[in-house]
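The values are calculated or read from the model by the stated rules, or taken from the named source; none is laboratory data. All figures in this text were calculated on a predicted structure; none of them were measured in a lab. A quick note on method: Cβ atoms are made from the backbone with ideal geometry, for glycine too, and the neighbour counts reach across all protein chains shown.
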Amino acid sequence: FIEIIVANNAGFCGGVKRAVDLAFKNADEGVYSYGELVHNQVVTKELSDKSVMSIDNTDVKNSKVIIRSHGVKKQILDELRQNGNEIIDCVCPKVTKIYSIVREHYEQGYQVVIFGDENHPEVIGINSYADDKGIIIGQDLSLNKIEDKKTILVSQTTNIPEKFEILVNSLKNILNNEIIVYNTICNATRLRQESTIELAKKVEAMIVLGGKNSSNTKKLYEVAKKHCENVYLLESIKDLKYNIKNFVKIGITAGASTPRSVIEEAVSSMENFDNNEMMEAIENSFKRI
Ligand code: F3S
């Protein structure tokens with residue numbers, strides 16, 4: 001039989017749990033959600049089942065608007081407030097903390113450097129607290145936009161700590177001016193990555209459960225891949241189209257926005273697998289990044 005091991009620290013982090021609890025407490029007809037509350041389709045569907053409508057503009061007036069866990073641009077928040085809306089602030093407090101750090105130093109004339117994905121809403125939100133003037137450094141760690149002036153560095157909460165350290169050292173090498181480093185990678189992210197690595201080393205295959213747009217889930221895939229050859233990124237176990245029958249030890253991990261129900265469903269359906277049962281291999285429909 002297949003042995004299934006679930007990683008420690010898989011699934012909902014404190015920030016997502018808080019956001020989901022708060023959103024569902026306020027979920028009702030006439031309540032809106034700015035973008036997806038968390039990057040997970042199961043949660044999004046449950047909220048829409050409660051009549052919460054998702055919006056991507058600030059036209060709504062005099063209503064309740066849920067602000068997603070990974071934040072929005074400051075201007076969007078300001079406009080929603082100006083339109084008389086009540087804000088249900090589901091932004092993770094760890095992200096809000098980065099807003100304050102960035103704003104304070106930006107106002108003091110620091111060059112704001114953000115390590116993260118320039119297209120991710122969390123990074124776009126953080127940069128808005130530097131009036132969109134921050135320099136965003138992606139995974140290629142390219143420093144060509146950096147000026148030699150006093151600098152503050154923060155990170156998207158879901159980054160890989162080792163990469164952040166490499167960036168810190170590179171910046172220190174090229175800057176003659178002061179550099180203040182805030183390692184704002186969230187502890188929940190770090191713990192999920194560490195547990196994933198630990199498990200990936202012990203198993204023949206790893207299943208990473210999480211939303212397609214979830215940054216922290218993609219990072220879990222990335223770190224697992226370094227230690228395990230067979231890693232599959234799935235939104236749900238129903239997406240598994242690969243014959244995993246040949247593996248006897250399989251690990252499961254899940255991003256910070258993946259509900260427990262998705263993990264439980266994966267475990268229970270795989271526990272029904274039997275080495276003697278052949279699942280059809282549909283190699284080209286793997287959900288690999
Ligand atoms: Fe917040 Fe960290 Fe979760 S930033 S949303 S506690 S991954």
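Structure notes:
- Count - residues of region 76-92 that are under 23 Å from Ser215 (Cα atoms) and not β-branched (Val, Ile, Thr): 4
- Some residue of region 36-47 being in contact with a helix residue (DSSP H, G or I) (Cβ under 9 Å, 6 or more places away or on another chain), away from the ligand (no atom under 13 Å from the Cβ) and at pLDDT 95 or above: no
- Considering region 127-178, the residues that are under 23 Å from the mean Cα position of the chain (by Cα), polar (S, T, N, Q) and assigned to a loop (DSSP other than H, G, I, E, B) include one that is farthest from Gly210 (Cα to Cα), namely Ser142.
- Residues in region 224-273 that are assigned to a helix (DSSP H, G or I) and crowded, with 23+ Cβ neighbours inside 10 Å: Ala224, Val262, Ala266.
- In region 1-33, the qualifying residues are those that are hydrophobic (A, V, I, L, M, F, W, C) and assigned to a strand (DSSP E or B), and the one that is farthest from the ligand (Cβ to nearest atom) is Ile4.
- Considering only residues in region 179-202 that are without any contact (Cβ under 8 Å) to a residue 60 or more places away in the chain, within 16 Å of the ligand (Cβ to nearest atom) and assigned to a loop (DSSP other than H, G, I, E, B), the one that is farthest from Val16 (Cα to Cα) turns out to be Asn183.
- Within region 228-243, the set of residues being more than 22 Å from the chain's Cα centre (by Cα) and either more than 23 Å from Gln193 (Cα to Cα) or within 16 Å of the ligand (Cβ to nearest atom) (or both) comprises Lys241, Tyr242, Asn243.
- Listed by first and then second residue, the pairs linking a residue in region 215-240 that is at negative phi to a residue that is of a type in the set (Val, Ile, Thr) and assigned to a helix (DSSP H, G or I), with Cβ atoms under 6 Å apart and 6 or more places separating them unless they lie on different chains, are Asn216/Thr189; Leu220/Thr196; Val223/Thr196; Val223/Ile197; Ala224/Thr196; His227/Ile197; Ser236/Val262.
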